[in-house]
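One structure is given here, and the rest of the page talks about it.
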Amino acid sequence: MAAAVLPLTSHPLQRAGAWAVTVLAGCERPGEVAVTDLDAVASRLVDDVCAAAVAEKDDGVYDWWKVLFALYPNAKATHSKRTRDRAVMEPAIAALFIPDDVDAASAYPCTFCGTPTPVVWTKSNLPMFDTSKALNTLPPGVLGWPVCRGCRVAVWALPYGAWVTAGSAGVLSCESEAAERAFAARNVARARRVMQLGFSGLPATARPELVAVRALMAVREELSATTLWTFKNDNQEPWLRVTATRRALPRFLAVVSGNAPLRRGWRLLEMALTRRDKDGAVTASGAVEAARLLFEAEDGRSRSLLGELHHLLTQDTGRSWSARDVSDLTRLAFTYAKEILGMEPDPTPVATVIADWIQHGSGSPRGRLAEYRSVALSDYKLGTLLIQAHFRLVLDGRSAAAGPADWAPLISQRPRAWEQRMLLSARVLELLQQRGVAVNAPPADEEERKRQEWLLEQPVLRDEDDDYDMGAS
């Protein structure tokens, strides 16, 4: 690897930049990039950086300067005291990417790939290398981090291959190199649009999670873990957020795409997650929000797909679900549990007890469903309700389908108990719908029903505001 013109390392920022260089050079893999390709990409970087650095604030390319500022806030092209004379700036930027002097008296192994290089860079040119609050944390006498030419070009090509906003960037690490390249190719096309039109010319609802999921679907891998690294290299408060998918995600997506009820269940989820303003414009894309549910935050602060399905089925009282809707959403929940979490629970016995109690107990079924909904995710409260329902059925001369073994995984605090309780609620609603027990609002009128069915037939994970082709690259 050390002899490669463009090394592909395991460092997520260098790796994303290497894929960006590969796409910009028109190659399939980083190992195919020749010296002439690297020269051409470096020349393009210089042109784009200088154009952004001297642009007026009302120019579209000025938004690209905002991207560069979020990644390299103290570089010569982004510093507040930078020159606005392109003729003066261009030689300084070009000097960042000149070939290494192979005859230099001293050389050090590159920080990223180990290639010997005489060039050392400080944190001003390296995103996420130390905080700007500290003057320096390098050992005494050390001028910076050694970075070879291939990695220097890759580090500054990073924003082309990343999902960028005016204040942050997100890069992808994936077991599938084809997916990494597809992600970078999509973002290179988006970078061109930012430089031409600014961020105002892009859909406001777009997110990197959808691009990553589409890339996985395009390359058709069976198992592949994916990580998104989203960060801001801010002068005051730099931050990094890491989210990841399970390895089985591509298989789950393939199962959903190849099964009509699951596709319909996913589209129901997307439609429920879509948000519009008072004028009808989309403010939150359902496809984007659904894709985000497939990523789990490293710090645990993320919504789960099972949790969202549970909310839609049990908490979203303003929505009317048909028996088919409930069945498809329930099947989606159980498929996710099986393919992603490795769970194959059978909550049907306990669900039958609760459904019998809701249908035949005292009071209205709607009131008893509301009572169950209020305790559905609590181990203790659910256990209390099960005792109440069990005794009610027995005293009424009805048989109770569930025994202690069926109760145990639902009223415990062991791992996956939350997910089992969520799946239980989905099964309860499915049973109620199958029995024709009226517990929700009347269905929409015929015209609205036809419109909803047409929307449900559209492809999954498709953003209507997005005009990029997401084929395999």
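The values are calculated or read from the model by the stated rules, or taken from the named source; none is laboratory data. All values reported here derive from a predicted model rather than from experimental measurement. Glycine also receives a Cβ, built like all others from the backbone with ideal geometry; neighbour counts cover every protein chain displayed. Remember, those area values only see protein heavy atoms, side chains included, never the ligands or the DNA or RNA. Shrake-Rupley method; radii C 1.70, N 1.55, O 1.52, S 1.80 Å.
What do you reckon, is Gly286 farther than 23 Å from Val67 by Cα and surrounded by 21 or more Cβ atoms within 10 Å (Cβ to Cβ)?
When the stated conditions are applied, Gly286 passes them.
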Margin query: List pairs: first residue in the range 191-216 and among the acidic types (Asp, Glu), second residue open to solvent by 50 Å² or more (accessible area, probe 1.4 Å) and modelled with pLDDT of 90 or more anywhere in the structure, Cβ distance under 9 angstrom, at least six positions apart or on different chains.
Written below: Glu209/Arg292
Note to self: Within the range 57-73, does at least one residue satisfy the condition of being surrounded by fewer than 23 Cβ atoms within 10 Å (Cβ to Cβ), at pLDDT below 95, hydrophobic (A, V, I, L, M, F, W, C) and in contact with a Cys (Cβ under 8 Å, 6 or more places away or on another chain)?
What the structure shows: no
Note to self: Quick test of your reading of the structure: Ser10 fulfils all but one of (1) surrounded by 15 or more Cβ atoms within 10 Å (Cβ to Cβ); (2) under 13 Å from Glu177 (Cα atoms); (3) under 24 Å from the mean Cα position of the chain (by Cα); (4) not β-branched (Val, Ile, Thr). Name the failing condition by number.
What the structure shows: (1)
Next item on the list: Could you tell me whether the range 293-300 includes any residue that is open to solvent by 50 Å² or more (accessible area, probe 1.4 Å) and either touching a Ser or Thr at 6+ places or on another chain (Cβ under 9 Å) or of a type in the set (A, V, I, L, M, F, W, C) (or both)?
Entry: yes
Item checked: Top-ranked residue in the range 83-106 [being of a type outside the set (A, V, I, L, M, F, W, C) and within 23 Å of Leu13 (Cβ to Cβ); ranked as modelled with the lowest pLDDT] -> Asp100
Notebook entry, point to check: Inside the range 26-35, can you point out the residues that are open to solvent by less than 30 Å² (accessible area, probe 1.4 Å) and either farther than 20 Å from Leu126 by Cβ or free of Cβ contacts under 8 Å to residues at least 12 places away in the same chain (or both)?
Noted result: Cys27, Val33
Check: Going by the structure shown, is Leu431 in a helix (DSSP H, G or I), under 17 Å from Phe334 (Cα atoms), at pLDDT 90 or above and open to solvent by 20 Å² or more (accessible area, probe 1.4 Å)?
Finding: yes
Note to self: Gln458 - would you say it is surrounded by 12 or more Cβ atoms within 10 Å (Cβ to Cβ), out of contact with any Leu (no Cβ under 7 Å at 6 or more places or on another chain), in a helix (DSSP H, G or I) and at pLDDT below 85?
What the structure shows: no
Notebook entry, point to check: Out of Ala4, Ala18, Ala87, which single residue is under 18 Å from Tyr160 (Cβ atoms) and either open to solvent by 30 Å² or more (accessible area, probe 1.4 Å) or of a type outside the set (S, T, N, Q) (or both)?
Noted result: Ala18
Next item on the list: Would you list the helices (runs of 4 or more DSSP H) that sit entirely within the range 139-225 and hold 3 or more residues that are at pLDDT 95 or above and closer than 26 Å to Ala290 by Cβ?
Entry: 177-197
Notebook entry, point to check: Would the range 41-51 turn up any residue that is touching a helix residue (DSSP H, G or I) at 6+ places or on another chain (Cβ under 6 Å), assigned to a loop (DSSP other than H, G, I, E, B) and surrounded by 20 or more Cβ atoms within 10 Å (Cβ to Cβ)?
Noted result: no
Next item on the list: Being without any contact (Cβ under 8 Å) to a residue 60 or more places away in the chain and either touching a helix residue (DSSP H, G or I) at 6+ places or on another chain (Cβ under 7 Å) or open to solvent by 40 Å² or more (accessible area, probe 1.4 Å) (or both) is the filter here, so list the residues in the range 227-245 that pass it.
Entry: Glu237, Trp239, Arg241
Next item on the list: Considering each of Ala248, Ala185, Ala189 in turn, give the residue that is surrounded by 22 or more Cβ atoms within 10 Å (Cβ to Cβ), of a type in the set (A, V, I, L, M) and either in contact with a helix residue (DSSP H, G or I) (Cβ under 8 Å, 6 or more places away or on another chain) or within 28 Å of Tyr62 (Cα to Cα) (or both).
Entry: Ala185
Margin query: Kindly evaluate Ala260 against the criterion of being closer than 26 Å to Ala426 by Cβ and either modelled with pLDDT of 90 or more or in contact with a Phe, Trp or Tyr (Cβ under 6 Å, 6 or more places away or on another chain) (or both).
Written below: yes
Notebook entry, point to check: Within the range 302-320, can one find any residue that is open to solvent by 10 Å² or more (accessible area, probe 1.4 Å), hydrophobic (A, V, I, L, M, F, W, C), out of contact with any His (no Cβ under 6 Å at 6 or more places or on another chain) and not in a helix (DSSP H, G or I)?
Noted result: no
Item checked: Among the residues listed as Ser106, Ser80, the single one being more than 27 Å from Gly170 (Cβ to Cβ) and free of Cβ contacts under 8 Å to residues at least 24 places away in the same chain -> Ser106
Next item on the list: Return the pairs, sorted by first residue and then second, in which the second residue is open to solvent by 30 Å² or more (accessible area, probe 1.4 Å), the first residue lies in the range 371-390 and is more than 18 Å from Asp356 (Cα to Cα), the beta carbons are less than 6 Å apart, and the residues are 6+ apart or on different chains.
Entry: Asp379/Ile411; Asp379/Gln413
Notebook entry, point to check: Counting only residues that are touching a strand residue (DSSP E or B) at 6+ places or on another chain (Cβ under 9 Å) and in contact (Cβ under 8 Å) with a residue 12 or more places away in the chain, which one in the range 276-293 is nearest to Val171 (Cα to Cα)?
Noted result: Arg292
